[in-house]
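Here the structure is laid out as structure tokens; the discussion comes afterwards.
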Amino acid sequence: MSSLMLQRLGGPDRTRAQALEDLDLRRTDKHGQVDLSLFASPVLQRLKLSGAGFDFHEFHMLMCPALTDLTLSKTQTPVTTGEIIGLLSSTPRLHSLKLETDIFPCFALDGIVKVVTLQEPC
């Protein structure tokens, strides 16, 4: 989906996808910022973002406690370890995390977090 189409989908007069459980978006270009809050759903379980770069602030609102599977692939926008740690802390049910993107260290967190472990909830 092009940036222009994503921009046209958003807006304050649009109904949000409150029952959306599975979202797979491929962005074909990177022209301006997009508002993905239209797709924010409290029951979103599977999220896959790929293609031209999505900035972290464009999709962080999609990270909900119900999320179990997350894939960021072939994106051209790197994320920091700090953003990854924040993402993990907001998704306690996450079982699968696939990152095919550049990750830059966040030196402020380097001494605090050495290993992140995903465990299945009891």
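A few comments on the model shown:
- Selected residue (criterion: surrounded by the most Cβ atoms within 10 Å (Cβ to Cβ)) from residues of region 41-61 that are assigned to a loop (DSSP other than H, G, I, E, B) and polar (S, T, N, Q): Ser41
- Tabulated pairs, region 59-75, first farther than 14 Å from Leu25 by Cα, second part of a loop (DSSP other than H, G, I, E, B) and β-branched (Val, Ile, Thr), C-beta under 9 angstrom, 6+ apart or interchain: Met63/Thr91; Cys64/Val43; Cys64/Thr91; Pro65/Thr91; Ala66/Val43; Ala66/Thr91; Leu67/Thr91; Thr68/Thr91
- In summary, Leu38 fulfils each of the numbered conditions (1) of a type in the set (A, V, I, L, M, F, W, C); (2) surrounded by 19 or more Cβ atoms within 10 Å (Cβ to Cβ); (3) not in a loop (DSSP other than H, G, I, E, B) with the single exception of condition (2).
- Any chance Thr101 is of a type in the set (S, T, N, Q), within 24 Å of Leu38 (Cβ to Cβ), touching a Ser or Thr at 6+ places or on another chain (Cβ under 6 Å) and at pLDDT 70 or above: yes
The values are calculated or read from the model by the stated rules, or taken from the named source; none is laboratory data. Remember, it's a predicted structure, so these values are computed and weren't measured experimentally. All Cβ positions, even for glycine, are placed from backbone atoms using ideal geometry, and neighbour counts span all protein chains on display.
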